[in-house]
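So the structure is just underneath, and the comments pick up after that.
The values are calculated or read from the model by the stated rules, or taken from the named source; none is laboratory data. Please read all numbers here as calculations on a predicted model, not as lab measurements. Don't worry about glycine lacking a Cβ; one is built from the backbone with ideal geometry, like all the others, and counts go over all protein chains shown.
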Amino acid sequence: MGRHQQAETLGLIASLVCAVASGVVADLYLGFASAIWLVSGRLFAVCSGMVAACGVASFIVGYSRRSHSWSLKRGWLVPVRRAFETLSLSVVYGSTIFLSMYALFGVINSTMGLRSFSSYVPAVVALFSAVTGYLVFVQADSLNSKTIASLLPLFVVSGVSTAGLTSDDPNWWKNNFSQLGDRTTFAARMFNSTLVLAGVCVIILSYFAVSELIATQRMRMLWRTASDGKSSDAGKSSGTDSRHGDVEIPRFWARIICLSVLLTLAGMCFAGVGLFRYTPHPILHNVFARGLSLPMSLLMVFLPWLAPQLSKAMYVVSDLIIVAIAVAGVHWLQGGTTLTNVEALACILFMGWFIVFSRQIAAIEADRVHAQLMASRPVSVVPRDSRISPRN
């Protein structure tokens, strides 16, 4: 049985285990929980937590089962780093599953009504856990940054949509998104928690994206060192490689540090907006909310210098995003639209940019691995250089 077929088979087993375990736990919860924990909001939160727990467990098993980093052959730092990366990715998957499931439970409840839906809760939880366990296990077995970056918009949209639909202020959208989180209600807590977790996810995904960018550069330098013949001579004389273009990037580590700092600041600003509500902390809230535009603008404007390995189309897209947000901002200042629309546009474009950014880096690494495998004298790929590879 090949690797992929084995992953599909184990995914089915994980699906069955998750379905049985979550179904039994959900049935016991309905039978023994107090009445206050059976109201729709708390019930859906607990059920979503069950599905998320199954997803996280399935991810950890699928991601760790083929890893070579749990032994101490390469020192104690390697398994510690691997444990941190596994925990970080589990946060991304767990929070995304939780918010997505909560929104889905709300939709089902609004369609059926809580009285009818409550009798189906164990079966629905078991079904969602089975699907989640299978999909997450298969994804974890062949994980890459394209997959995890695509989870971020789903995570944010699910959390913000749920908060907006459950808010007791029907006119919040006439002001801005901060008003949606400027209360102590469940909807406000959902919104603020989504922003905090989104900021954490941005920082985590940035770590993997930058790590893969570093790994790709190291592999290119390995290729240049190991290659021989005419291509090697040309690389030594001009600093280029016929397969990979520019190899030596001036001040590479300075660029990587600046890129990492800007991505981290963007994530911290996202989290800060959710941590500090406007009413008790107006200054801090505005610092994070308005300050988010600074690292994002610097990222997009200086992207050709920060990450010269990316395609020119990526640079053009970054410039167009800045222009679109600037035009929307001017339109708002002229009274043509609401600040909520401008904030929604900026958030959507940022998430889209982050997805494309991560996929570009993952594509660079995939092309490098393919070129090495197809070369007449391939250079071995060092698995430990790829932070996100399940085989590490």
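Condition first: β-branched (V, I, T) and either under 19 Å from P153 (Cβ atoms) or modelled with pLDDT under 75 (or both). Can you find one or more residues in segment 207-224 that meet it?
Initial filter on segment 207-224 (β-branched (V, I, T)): 210, 214, 216.
Still in the running and either under 19 Å from P153 (Cβ atoms) or modelled with pLDDT under 75 (or both): none.
No, that holds for no residue.
Out of all the residues in segment 195-205, is one or more over 19 Å from C347 (Cβ atoms) and either at pLDDT 80 or above or over 24 Å from the mean Cα position of the chain (by Cα) (or both)? Give the steps one after another, and end with the answer.
Of the residues in segment 195-205, the ones over 19 Å from C347 (Cβ atoms) are none.
Checked against the condition, which is being over 19 Å from C347 (Cβ atoms) and either at pLDDT 80 or above or over 24 Å from the mean Cα position of the chain (by Cα) (or both), segment 195-205 yields no hits at all.
When you go through (1) at pLDDT 80 or above; (2) closer than 24 Å to W353 by Cβ one by one for A188, which number turns out not to apply?
(2)
Can V51 be described as hydrophobic (A, V, I, L, M, F, W, C), out of contact with any strand residue (DSSP E or B) (no Cβ under 8 Å at 6 or more places or on another chain) and at pLDDT 85 or above? Talk me through it step by step, then tell me what you get.
On the way: hydrophobic (A, V, I, L, M, F, W, C): yes; out of contact with any strand residue (DSSP E or B) (no Cβ under 8 Å at 6 or more places or on another chain): yes; at pLDDT 85 or above: yes.
Spelling it out, V51 is indeed hydrophobic (A, V, I, L, M, F, W, C), out of contact with any strand residue (DSSP E or B) (no Cβ under 8 Å at 6 or more places or on another chain) and at pLDDT 85 or above.
Can you tell me which residues in segment 1-43 are over 23 Å from S64 (Cα atoms), in contact with a Leu (Cβ under 9 Å, 6 or more places away or on another chain) and part of a helix (DSSP H, G or I)?
So in segment 1-43, the residues over 23 Å from S64 (Cα atoms) come out as 23-43.
Still in the running and in contact with a Leu (Cβ under 9 Å, 6 or more places away or on another chain): 23, 29-30, 33, 37-40, 43.
Selection gives G23, Y29, L30, W37, L38, S40, L43.
Out of all the residues in segment 109-137, which are of a type in the set (A, V, I, L, M, F, W, C) and at pLDDT 85 or above? Explain how you work it out, then say what you get.
Residues of segment 109-137 that are of a type in the set (A, V, I, L, M, F, W, C), as a first pass: 112, 114, 117, 121, 123-128, 130-131, 135-137.
Once the filter is applied, which keeps residues that are of a type in the set (A, V, I, L, M, F, W, C) and at pLDDT 85 or above, segment 109-137 yields V121, A123, V124, V125, A126, L127, F128, A130, V131, L135, V136, F137.
Would you confirm, using the coordinates I've provided, whether L339 is touching a residue at least 40 places away in the same chain (Cβ under 8 Å), under 18 Å from V261 (Cα atoms) and either of a type in the set (S, T, N, Q) or surrounded by 14 or more Cβ atoms within 10 Å (Cβ to Cβ) (or both)? Please lay out each step first, then the result.
Working: touching a residue at least 40 places away in the same chain (Cβ under 8 Å): yes; under 18 Å from V261 (Cα atoms): no; either of a type in the set (S, T, N, Q) or surrounded by 14 or more Cβ atoms within 10 Å (Cβ to Cβ) (or both): yes.
No.
Filter segment 342-392 down to residues that are in a loop (DSSP other than H, G, I, E, B), hydroxyl-bearing (S, T, Y) and crowded, with 20+ Cβ neighbours inside 10 Å and give me whichever is modelled with the highest pLDDT. Can you show your working first?
Step one: of segment 342-392, the residues in a loop (DSSP other than H, G, I, E, B) are 375-382, 386-392.
If we keep only those that are hydroxyl-bearing (S, T, Y) too, we end up with 376, 380, 386, 389.
Still in the running and crowded, with 20+ Cβ neighbours inside 10 Å: 386, 389.
Numbers: S386: 50, S389: 60.
Of everything passing the filter in segment 342-392, S389 is modelled with the highest pLDDT.
Scan segment 140-163 and give yes if some residue there is surrounded by fewer than 20 Cβ atoms within 10 Å (Cβ to Cβ), closer than 26 Å to W332 by Cα, small (G, A, S) and at pLDDT below 75, otherwise no.
Yes, that holds for at least one residue.
If you go through segment 270-283 one residue at a time, how many are crowded, with 16+ Cβ neighbours inside 10 Å and either within 19 Å of the chain's Cα centre (by Cα) or free of Cβ contacts under 8 Å to residues at least 40 places away in the same chain (or both)?
The qualifying residues number 6.
Since L89 meets every condition but one in (1) modelled with pLDDT under 90; (2) in a helix (DSSP H, G or I); (3) surrounded by fewer than 20 Cβ atoms within 10 Å (Cβ to Cβ), which condition does it not meet?
Against the list (1) modelled with pLDDT under 90; (2) in a helix (DSSP H, G or I); (3) surrounded by fewer than 20 Cβ atoms within 10 Å (Cβ to Cβ), L89 comes up short only on (3).
Among (1) of a type outside the set (K, R); (2) modelled with pLDDT of 85 or more; (3) within 21 Å of I364 (Cβ to Cβ), there is one condition C269 misses while meeting the rest; what is its number?
(3)
Take G94 and tell me if it is surrounded by 13 or more Cβ atoms within 10 Å (Cβ to Cβ), touching an Asp or Glu at 6+ places or on another chain (Cβ under 8 Å) and not in a loop (DSSP other than H, G, I, E, B). Before you say what the answer is, go through the steps one by one.
Details: surrounded by 13 or more Cβ atoms within 10 Å (Cβ to Cβ): yes; touching an Asp or Glu at 6+ places or on another chain (Cβ under 8 Å): no; not in a loop (DSSP other than H, G, I, E, B): yes.
No; evaluated as a whole, the condition is false for this residue.
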